[in-house]
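Read the structure below first, then the notes.
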Amino acid sequence: MSVIKKTVGIASLITVILLASGFCAAGAEYSVGSGDDDWWTAYPDQSTGAGGEVNHPSWVLDALKGKPVLIYVHKECDYCVPQTEAVQKIADQFKGKITFFEISADEGDARADEAMQAYDPNGGTMYVPLTAVLTLASDGEEVVPVWHSTDEVTGEDWIKNYVEDAISQHDENSADWSP
């Protein structure tokens, strides 16, 4: 009987250790860098402005003080419809955990131009739909705003993966950010 209790106890302990190590390893999915899938601190390798500093709009930096940010700039066009639907599902799913800015590129909103200038991954070509996710992460020296964006229709999974990672990064790093 004591052998069974010890076996059950050891198995339980191993399970707890495995689960705990899995949760610890589940932190950030994307690293900070300049590659296609990274969180960017400067314009990424594929951009015509590769390596250049981004000028984050003040309304984005203000929002980052509290939560990760999802920005969606689009027009009322057939091409944007699938991305609009996907972004809206994610915004609804993560309501209260992110700050969401849906900005029309049709109405002359100044924030559309600011977001396109700052976060267009192709260096200001201003194609829509622009989907940008921003959070806070360490660049190896300090905690800074980071982002990832696309001007393509990505679908729900892509957006969700970056938003979930943004939440994780923000939770881990926001206390160490000095805006």
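Tabulated results
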quantity: Every residue from the stretch 144-157 that is in contact with an Asp or Glu (Cβ under 9 Å, 6 or more places away or on another chain) and either under 12 Å from ALA86 (Cβ atoms) or surrounded by fewer than 18 Cβ atoms within 10 Å (Cβ to Cβ) (or both); calculated: GLU156
quantity: Selection within the stretch 132-142 - over 16 Å from VAL73 (Cα atoms) and outside any loop (DSSP other than H, G, I, E, B); calculated: THR135, LEU136, ALA137, SER138
quantity: Scope the stretch 143-167; condition outside any strand (DSSP E or B) and out of contact with any Ser or Thr (no Cβ under 8 Å at 6 or more places or on another chain); matching residues; calculated: GLU152, VAL153, GLY155, GLU156, ASP157, LYS160, ASN161, TYR162, VAL163, GLU164
quantity: Cross-chain or 6+ apart pairs with Cβ under 8 Å, the stretch 39-58 first and part of a loop (DSSP other than H, G, I, E, B), then surrounded by 19 or more Cβ atoms within 10 Å (Cβ to Cβ) and aromatic (Phe, Trp, Tyr); calculated: GLY49/TYR43; ALA50/TYR43; GLY51/TYR43; GLY52/TYR43; VAL54/TRP40; VAL54/TYR43; VAL54/TYR119; VAL54/TRP147
quantity: Residues satisfying the stated conditions in the stretch 89-131, i.e. small (Gly, Ala, Ser) and assigned to a helix (DSSP H, G or I); calculated: ALA91, ALA110, ALA112, ALA115, ALA118
quantity: Single residue of LYS75, LYS95 found to be of a type in the set (Lys, Arg) and either modelled with pLDDT under 95 or touching a strand residue (DSSP E or B) at 6+ places or on another chain (Cβ under 8 Å) (or both); calculated: LYS75
quantity: Residues (out of contact with any Lys or Arg (no Cβ under 7 Å at 6 or more places or on another chain), of a type in the set (A, V, I, L, M) and buried (at least 19 other Cβ atoms within 10 Å of the Cβ)) located in the stretch 90-139; calculated: ALA112, ALA115, MET116, ALA118, LEU130, ALA132, VAL133, LEU134, LEU136, ALA137
quantity: Hits in the stretch 59-84 - residues which are without any contact (Cβ under 8 Å) to a residue 24 or more places away in the chain and in a helix (DSSP H, G or I); calculated: ASP62, VAL81
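The values are calculated or read from the model by the stated rules, or taken from the named source; none is laboratory data. Here the structure is a predicted model, which means the values were calculated and not measured. Using ideal geometry, Cβ is built from the backbone for each residue, glycine included, and neighbour counts are taken over all protein chains shown.
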